[in-house]
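Peer 1: Before I ask anything, here is the structure I am working with.
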Amino acid sequence: MNLYKKLSVCILMIFCSMYAFSENILFCCVLNEDATENATEITIRFEDYIFSSCFELGLIAGNAPSIRDSRDTSEIITSLEKVSENPSEYILIIKAHYNKDASVDQRTQEKFAQLAKVSYTLFSVITSETVFTKNVTFSTSKTKSDLLKQIEKVNTNVMKTVAKKIN
């Protein structure tokens, strides 16, 4: 009887632990080279929203530093695979295209980068295939807080789709 209890506990623990593993995703935000300097601040907030979404969805997330680059997405993925310290099953490239000139917040008169469009590309390192792509066009925001609300909403929806694709 004692052996039976130990065996059943082991089987139960193995069964429960099967669902405890999470997918590992590495993401990188890529800004257009001619984006205004204020774009860096918006991009940092962008990364925060992605980390929050990954945490809420049970994904293990890491990020590469944001870069200003005009290369093709496949070239960026290849370079990230080579320099990544932690192996990830998936790489998410977020290409943010900002307007060249800063906008002025109508409430605070502060300059901020106006986000025009974003493309998301999810790449599977294991299968070497693109799993998901999404292009989003942003409406012109009158205030920085309006832009951040748009970004948060879009990121939440996109990350839900990403989580479904990789689970």
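Peer 1: Would you mind counting up the charge near V30? Only other residues with Cβ under 9 Å from its Cβ, with Lys and Arg at +1 and Asp and Glu at -1.
Peer 2: Summing Lys and Arg as +1 and Asp and Glu as -1 gives +2.
Peer 1: On to the next question. Skip the ligands, DNA and RNA, and give the accessible area per residue of the range 40-167 with a 1.4 Å probe, whole Å².
Peer 2: Normalised by residue count, the accessible surface of the range 40-167 is 57 Å².
Peer 1: What part of the accessible area of the range 100-140, given as a whole %, is carbon or sulfur when the probe is 1.4 angstrom?
Peer 2: Looking at the range 100-140 in its full context, I get 44 percent from C and S.
Peer 1: Placing +1 on the Cβ of each Lys and Arg and -1 on the Cβ of each Asp and Glu in the range 109-159, which of M159, T127, L148 has its Cα farthest towards the positive end of the resulting dipole?
Peer 2: L148
Peer 1: Now for a separate question. Looking at the range 72-166, what % of the alpha carbon pairs are farther apart than 19 Å?
Peer 2: 50 percent
The values are calculated or read from the model by the stated rules, or taken from the named source; none is laboratory data. Please read these numbers as outputs of a predicted model, since none were measured by experiment. Counting neighbours? That spans all protein chains shown, and the Cβs are built from the backbone with ideal geometry, glycine included. Please note that ligands, DNA and RNA were not included when accessible areas were found on the heavy atoms of the full protein model with its side chains. Shrake-Rupley method; radii C 1.70, N 1.55, O 1.52, S 1.80 Å.
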